[in-house]
1. On the basis of being more than 9 Å from chain A (Cβ to nearest Cβ) and not in a helix (DSSP H, G or I), does residue B:597 make the cut?
2. Name the residue that is nearest to residue B:26 (Cα to Cα), counting only residues in the stretch B:551-564 that are modelled with pLDDT of 90 or more and surrounded by fewer than 19 Cβ atoms within 10 Å (Cβ to Cβ).
3. Filter the stretch B:241-264 for residues that are more than 7 Å from chain A (Cβ to nearest Cβ) and assigned to a helix (DSSP H, G or I) and give the result.
4. Answer with yes or no whether residue B:197 is within 21 Å of residue B:299 (Cα to Cα) and either within 8 Å of chain A (Cβ to nearest Cβ) or surrounded by fewer than 24 Cβ atoms within 10 Å (Cβ to Cβ) (or both).
5. When you go through (1) within 30 Å of residue A:204 (Cα to Cα); (2) more than 9 Å from chain B (Cβ to nearest Cβ); (3) touching a residue at least 12 places away in the same chain (Cβ under 8 Å); (4) outside any loop (DSSP other than H, G, I, E, B) one by one for residue A:65, which number turns out not to apply?
6. Within the stretch B:334-348, which residues are buried (at least 18 other Cβ atoms within 10 Å of the Cβ) and in a helix (DSSP H, G or I)?
7. The conditions are (1) out of contact with any strand residue (DSSP E or B) (no Cβ under 7 Å at 6 or more places or on another chain); (2) at the interface with another protein chain (Cβ under 7 Å from one of its Cβ atoms); (3) under 17 Å from residue A:180 (Cβ atoms), and residue A:22 fails exactly one of them. Which is it?
8. Give the residue, chosen from A:126, A:108, that is in a helix (DSSP H, G or I) and either under 23 Å from residue B:638 (Cα atoms) or in contact (Cβ under 8 Å) with a residue 24 or more places away in the chain (or both).
């Protein structure tokens, strides 16, 4: 009699088909994206300090702080958006579709408000990207970050649409949690840039 | 975990019938996409891995032809074969092709093919992302060569130093082509890196704890992490360069507060790790080949893994040694000299471990082992000139001479291409189901090995005599003609060797001997499945109980049961010990990754001409992404209902 070439030793048919957090491969995918973009933003900051270190006057003459109130208020808006995103993630863990939708709508409104305020801040700037290297750095960084905010808005709208129209697959719940995790990263990046750009002692000196 | 058989089947006949039925079901579920449409929708890692390898080999051949053109030009003093302008384009395209379109993609492509098989899973973690990465890479490569044939090939060197590459000294679109090609290939490499990390961390066969991962897989893991932290630097710097050229930003313009040296910092923060991104997978190949051809486990597993990880870290602390000629502060130069010499420690540890493996093994002198031996010899020479170049005084003396050209080809061809050629020879039976001709394999090895050394050894001497790199000719009075002629002759021998190797592959594809599952008696899991592997890789996922799982199996081997065959199910295990955690469904074929890559292509290519490229290109990209991710409920996931 021939022998069986394999011996079954583990039966996995009872294991679940979804998992949250770092058990889910997608968590590693999103974490990887955060590492990649985090490195890019960190190098942007490194470039800022490299050019700052080589400059005689920083910021260049003619640059005026766009206003501590409006820039700080805008950051506060962004920090506030963490709360509904967190609540949406918690609702996702409970598979409470109505609550997820509600908190996604609230956070999207905050994102849009942040973006509108950002546009008005950029209008107040006294320089453009082609004025000097300082201008290039600020505009490029804000531009890259804005792409992330816009992506966040589009993603939230998509999630709302999927939750409304269906079909809602069980794995979507972890996707939602990861969407929130990624948003915290986008907020944290801007908190850092806010500190470096708008609390720069050289720039604060131009406040009237 | 019990070692007792589970499941109700007892007799061998029952079992065989059930297994055949299960195999038919798996084949239906995991069917490859077919036809032309299938080519654009494929998500299988082995098929995409093969595409990576074949595409990269075509670019390797193109880069090689460019190298021969340069050698013909330099064969005699005051030669007129290539004019200075064409020479600039040829050497830039040669360097860019070899680094970005050949070396990195072929190493990552080999990982795409082999990692899921070696860790015992059915596909990569993100199969559609994998498909996307390939198309983006292909578009980037085609874009570069289209431009090259339209006389718009980049001409500022593969590291495109500003101010030469800036708007003032490089008008036209040549440098923009380079900058965008970089972005294409970096996106592709980053996508593969994240895919490999996730697959290695979360999808290993039960029992394959971290200390049992095959060395090749460890190498791909370290490489992937290096890609994640190094490639953003070149994406950012090439973006800055493109912006400087397109919308008049001033990142690298000293007149407006910018700094040309910033380019070099950002570029080499990527560029030096890049060398290890190419070299580390090659060390993995060496370890993979050594085990079956010495008939023993590779000596010093722990030392080798720690060396890989150490190389990964130290590799990020060396970049400034490319910039010694820029007038650094002395302290900085000393620091980077020390760091550069330090990397010889893990490199040396690896070499000694391999020698120890050879020492105690029963050697089988087949072609793959010859390439490994050629690697050890050549790489040690390249490593020695590397230690020399780490010293500031010598570095300044030979900066921008052929000594550097000789050094970098010894480490990249000797250190990476030799193991790669050995590795492709070794895995060819798995990829194609056929053996390569051993005789022609040996002929190719000796031609490549001799040709390589005849080409590049004289360049050390030429460099010490002061011959500058990247200059299209030299005068007869310099006396460099004879050594250059020797070098050119060597290049043609090398080229002939590569040609023999490639022809061997093409002929064997049709006429090679059938390979069977495991022609080499190897230890890792990819050899336990048919050649080429079925689309689901393993009918039952294997269970691993040691570092050389197949050498521990006797006539029966332990497997996992309970994965569903009627949908694309795969097993997720935990990070440290690879214990089964949960099951997931792998996505099936789709065309959207290809459409997205076209959208990305439109964005970047339009972006050369107008800043509106970004908003215009964003539209097809967004459409493709939405269509890609929109859930259709057709993959077998349980659906959730609204709570009332």
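1. Values: more than 9 Å from chain A (Cβ to nearest Cβ): yes; not in a helix (DSSP H, G or I): no.
No.
2. For the stretch B:551-564, the residue satisfying everything is B:564.
3. B:241, B:242, B:244, B:245, B:246, B:254, B:255, B:260, B:261, B:263, B:264
4. Working: within 21 Å of residue B:299 (Cα to Cα): no; either within 8 Å of chain A (Cβ to nearest Cβ) or surrounded by fewer than 24 Cβ atoms within 10 Å (Cβ to Cβ) (or both): yes.
Taking the combined requirement at face value, the residue does not satisfy it.
5. Here residue A:65 clears every test but (4).
6. First, the residues of the stretch B:334-348 that are buried (at least 18 other Cβ atoms within 10 Å of the Cβ): B:336-337, B:339-340, B:343, B:346-347.
Selection gives B:336, B:337, B:339, B:340, B:346, B:347.
7. The failed condition is (2).
8. Working: A:126 fails: in a helix (DSSP H, G or I).
Only one candidate passes the filter, namely A:108.
The values are calculated or read from the model by the stated rules, or taken from the named source; none is laboratory data. What you see is a predicted model; the values in this text were computed from it and never measured. Cβ sites come from the backbone with ideal geometry, for glycine too, and all protein chains shown count toward neighbours.
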